[in-house]
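So the structure is just underneath, and the comments pick up after that.
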Amino acid sequence: MSAVNETKLSHTVFILTGISGQENTHLWISIAFCFMYAIMIVGNSVILFIVKTDPSLHEPMYIFLSLLAITDLVLSITTIPTILGIYMFNSREINLHACFAQLFFIHTLQCIESSILLLMAFDRFIAICNPLRYASILTLPRIAMMGLVCVVRGVVLMIPFPFLLKRFQYCRDNVLSHSYCLHQAVMHLACSDTTVNNIYGMFTTLVTMGFDSLFILLSYVMILKTALSVASRKECLRALNTCVSHICAVLLFYTAEIGLAVIHRYGVSPSHLLAILMGYVSLLFPPLMNPIIYSLKIKNLRASIFRVFIK
């Protein structure tokens, strides 16, 4: 009888939330999101266009940057329309299956982005620590294979999430804590034992962002060691300067992701507003800032952008 009652009470839709208590300002917030969305689309599209059309940029570093831009573009398209629907039209309901699909894409794309940041660290490691073999190691077939492995790893690791969530009955509150669907947020609404989901969620976090961030840190330890061993201080600074944009992108991505994971898993947030804002930072800032950071810090890319648009 209890199983029947649970089935009858199980929700078929979730309610997405904006910023509670700020309903009067939702229209103005939507304008800001529209502006950010436009910058994301234009910025990442410009990166892709410049790298494709300029033969001097057909190098491994810029190919990895293009993969990052593609990931950011798809992530923006997957999430921002849902957020704009809430703030502009008060469209808060999302079907269970649509929610599961969205969280799969979000987690998969974030896993792919973490992998690409690791590949970019590997690119800088080879360029600085073993420059004579750079072209022979990072060939186009190997780059394509590494990119394919990143995608396959993200899909294989994240595809169990929708199926693990689909087996639950959602007979509690159906209001999510964000303007989009995440595994942790949906899991907290289930009225069943979520031990398997917790363990698998921790496993995927460790295997993806945990290992990736560790290997990125190790690569920069080796880069710093090699750069400091260079006799010329000018050459040392020049080598390290090529890593600045990547370091900024890594800090931007992992700081927000780790903060949001801690808030969701251990409930250390002093306020619900902080959790919402941290969610927006983790989702929106990397696609927004990556094109700006790389355009400002990489001289060749900046010169190519100016040359194309001046023409």
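Quick note: the coordinates plus some simple rules give every number you see, no bench work behind them. In this text the structure is predicted, and so the values were computed from the model without any measurement. Note: ideal-geometry Cβ built from the backbone for every residue, glycine included; neighbour counts use all protein chains shown.
Running a GNM on the chain with Cα contacts under 10 Å, which residue among Asn174, Asn44, Asn95 ends up with the highest mean-square fluctuation?
Sorting by GNM fluctuation, first place goes to Asn95.
How far, in degrees from 0 to 90, does helix 195-205 lean away from the longest principal axis of the Cα atoms of the chain, to the nearest 10?
10 degrees
Connecting C-alpha atoms closer than 10 Å in a GNM of the chain, tell me which of Gly154, Gly85, Gly18 has the biggest fluctuation.
Its mean-square fluctuation being the largest, the pick is Gly85.
Multiply the residue gap between Leu206 and Leu228 by 0.36 nm, knock off their C-alpha separation, and tell me the result in nm, one decimal place.
The span from Leu206 to Leu228 would gain 4.8 nm if fully extended.
Among Leu118, His58, Ser177, which residue has its Cα furthest toward the positive end of the charge dipole of the chain, with +1 on Lys/Arg Cβ and -1 on Asp/Glu Cβ?
His58
Report the rotationally averaged projected area of the range 1-158 based on its alpha-carbon convex hull, in square nanometres.
For the Cα atoms of the range 1-158, the hull's average projected area reads 13.4 nm².
Taking loop as defined by DSSP and a crowding limit of 14 other beta carbons within 10 Å, which trypsin sites (Lys or Arg not before Pro) in the range 171-270 fit?
Passing both the DSSP loop test and the Cβ count: Arg172.
Normalized C-alpha radius of gyration of the chain, against 2.2 N^0.38 Å? If you can, show how the numbers build up before the last one.
On the way: Rg = 21.4 Å, N = 311, 2.2 N^0.38 = 19.5 Å.
Taking N as the residue count of the chain, the ratio is 1.10.
Summing -39500 (n - 2.57) over the DSSP H runs of n ≥ 4 in the chain and dividing by its residue number, what mean residue ellipticity at 222 nm do you reach, to the nearest 500 deg cm²/dmol?
-25000 deg cm²/dmol
Any idea what the relative contact order of the range 18-310 is, in percent, if you count C-alpha pairs under 8 Å spaced at least 6 apart?
Relative contact order, the range 18-310: 25 percent.
Pick from Leu251, Leu132, Leu109: which residue has the top mean-square fluctuation in a GNM of the chain where Cα pairs under 10 Å get a spring?
Of the options given, Leu132 has the highest mean-square fluctuation.
Angle check, please: helix 60-89 long axis (alpha carbons) against the longest principal axis of the chain (alpha carbons), in degrees 0 to 90, nearest 10.
Tilt of helix 60-89: around 30 degrees.
In the chain, what is the count of Lys pairs whose alpha carbons are under 26 Å apart, counting only pairs at least 8 residues apart or on separate chains?
Eligible lysine pairs with Cα atoms under 26 Å apart amount to 11.
Can you find, among Leu274, Leu296, Gly201, the residue farthest towards the positive end of the dipole of the range 194-311? Put +1 on the C-beta of Lys and Arg, -1 on that of Asp and Glu.
Highest projection toward the positive end goes to Leu296.
Putting +1 on Lys and Arg Cβ atoms and -1 on Asp and Glu Cβ atoms, find which of Ile19, Pro160, Tyr220 reaches farthest to the positive end of the dipole of the chain.
Farthest towards the positive pole: Tyr220.
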